Amino acid sequence: MAIEKVGVVGCGLMGSGIAQVAANAGCQVTVREVSPQLVEKGLQSIDKNLQRLVDKGTLPQAERDKVRGRLRGTTNLEDLKDCDLVIEAIIEQLPAKRELWNALDKICPKTTIFASNTSSLSITEMATFTQRPDRFLGLHFFNPVPVMKLVEVIRTIATDPKVNEEVVAFALRLGKTPVRTTDRTGFIVNRLLVPYLLDAVRALEEGVGSVEDIDNSMKLGCGHPMGPLALLDFVGNDTTFYIANIMFDEFKEKRFASPPLLKRMVLSGWNGRKAGRGFYDYSDPAKPKPMQMT
């Protein structure tokens, strides 16, 4: 089955990006939010991204208009009933996802494929909220979606292999590089990335180096585009803390245990760029200043 009609639930940072790349690939896209204001905010974000591409000369105005014409917003879940694929990109809380999948399972035909953009929650558990575990899988994009090439395609033990390959083909159509993985907490990227980020916080706690020295070491010594502490601020210290806790609950391994410093920063609201303060002070976003943490 060719995936032509795509539904996206959630039009925030991730959902709007997913909707944009799907429309850009020629799909008819319906994106759903819980209020007209959030629908409008998400579509305005897409408009800004598309206009930026037009201004750069990488997207002709006529093509921009075609992409925008393939996008529509709604607050009604019923408008997703004809979709070939529905991608969920809502809050990372299982009760909210349970309510959504229960509702969609009743609305959408049995042929519709369901995919979650979760970065940490169990795909298998979400599949149990529906009557179609064979047509349920994970489709984990990375932020910012229009720029980042990777997407993790996560199968469960119940996912139909043909469905898995259909979604891999869909990811390729979006211009992404899909990697196949299984439903183990953290998948590939976070399973490797989160311990690295947590170790950077431990190194800071233990006085191995300053914020600036740790980040410069990884940038200049390993060729990373961004140091681990700056990356934590970019992702959100609260987000990493949340993911780390889920991974520790799953594996009970020290490498996934959140360092005390990270916990205290989250409790203090020092969540990184979005909060104006984390491992760096973003009073001047153009010139972040490393914080003196020890």
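Throughout, read-outs are computed from the coordinates displayed, never taken from laboratory work. Remember, it's a predicted structure, so these values are computed and weren't measured experimentally. Cβ sites come from the backbone with ideal geometry, for glycine too, and all protein chains shown count toward neighbours.
First select every other residue whose beta carbon is under 13 angstrom from the beta carbon of A23; then total the charges, Lys and Arg +1, Asp and Glu -1.
Its environment carries a net charge of +3.
Return the calculated 222 nm mean residue ellipticity for the chain, to the nearest 500 deg cm²/dmol, obtained by summing -39500 (n - 2.57) across DSSP H runs with n ≥ 4 and dividing by the residue count.
Theoretical 222 nm ellipticity from helices: -14000 deg cm²/dmol.
With the contact rule set at Cα under 8 Å and sequence spacing of 6 or more, what percent relative contact order holds for the stretch 190-290?
It rounds to 26 percent for the stretch 190-290.
Expressed as cubic angstrom per residue, what is the convex hull volume of the alpha carbon set of the stretch 120-211?
111 Å³
Less than 13 Å Cβ to Cβ from E78, Lys/Arg counted +1 and Asp/Glu -1: what total charge do the surrounding residues give?
Residues close to E78 contribute a combined charge of +1.
Could you list the residues of the stretch 264-288 with an amide nitrogen less than 15 Å from a label point located 7 Å from the Cα of Q51 in the Cα-to-C-beta direction?
Nothing falls inside the zone, counting backbone N under 15 Å.
Straight-line reach from K252: which lysines have a Cα under 26 Å away, not including same-chain ones fewer than 8 places off?
K97, K263
Sort 132-140, 264-272, 21-29 by the packing proxy (mean of other Cβ within 10 Å over each peptide's residues), most packed first.
In decreasing order of mean packing, 132-140, 264-272, 21-29 become 132-140, 21-29, 264-272.
Listing T124, T177 from the residue with the fewest other Cβ atoms within 10 Å to the one with the most, what is the order?
T177, T124
Sort 52-65, 179-192 by the packing proxy (mean of other Cβ within 10 Å over each peptide's residues), most packed first.
Highest mean packing first, the order is 179-192, 52-65.
Over the Cα atoms, compute the radius of gyration (one decimal) and Dmax (the largest Cα-Cα distance, rounded to a whole number) for the stretch 190-290, in Å.
12.9, 39
In Å, the Kirkwood hydrodynamic radius of the stretch 1-108 over pairs of distinct alpha carbons?
One decimal place: 14.1 Å for the Kirkwood radius.
Let me check I've understood the local charge: for T239, count other residues with C-beta under 15 angstrom from its C-beta, Lys and Arg +1, Asp and Glu -1. What total comes out?
Combined, the nearby Lys, Arg, Asp and Glu give 0.
Label points 7 Å out from Cα along the Cβ direction at K110 and Q93: separation in nm?
Here the answer is 3.4 nm between the modelled labels.
What lysines could a cross-link reach from K176, if we take a straight Cα to Cα line under 17 Å and drop same-chain neighbours fewer than 8 places away?
Cα-Cα hits under 17 Å: K149.
Please give me, ordered by residue number, the trypsin sites (Lys or Arg not before Pro) of the stretch 225-259 that lie in loop per DSSP and have at most 14 other Cβ atoms within 10 Å.
Here the sparse-neighbourhood loop sites are K252.
When the chain is treated as a GNM, springs tying every alpha-carbon pair under 10 Å, which of K106, K176, K97 comes out with the largest mean-square fluctuation?
K106
How high is the relative contact order of the chain, in percent, with contacts defined as C-alpha pairs under 8 Å that are six or more residues apart?
13 percent
Which order results if T156, T75 are arranged by neighbouring Cβ count within 10 Å, fewest first?
Ascending Cβ contact count within 10 Å gives the list T75, T156.
Once you've got the GNM for the chain with C-alpha springs shorter than 10 Å, pick whichever of T30, T111, T159 has the biggest mean-square fluctuation.
Highest fluctuation among the options: T111.
Mind listing the long-range amide H neighbours of Y280? Cut-off is under 5 Å, sequence gap 5 or more, other chains count too, H placed in the peptide plane at 1.01 Å from N.
Close amide H contacts, sequence-distant or interchain: M291.
Write down Rg/Rh for the chain, rounded to two decimals, with Rg from the C-alpha atoms and Rh from the Kirkwood relation over Cα pairs.
In the chain, Rg relative to Rh is 0.99.
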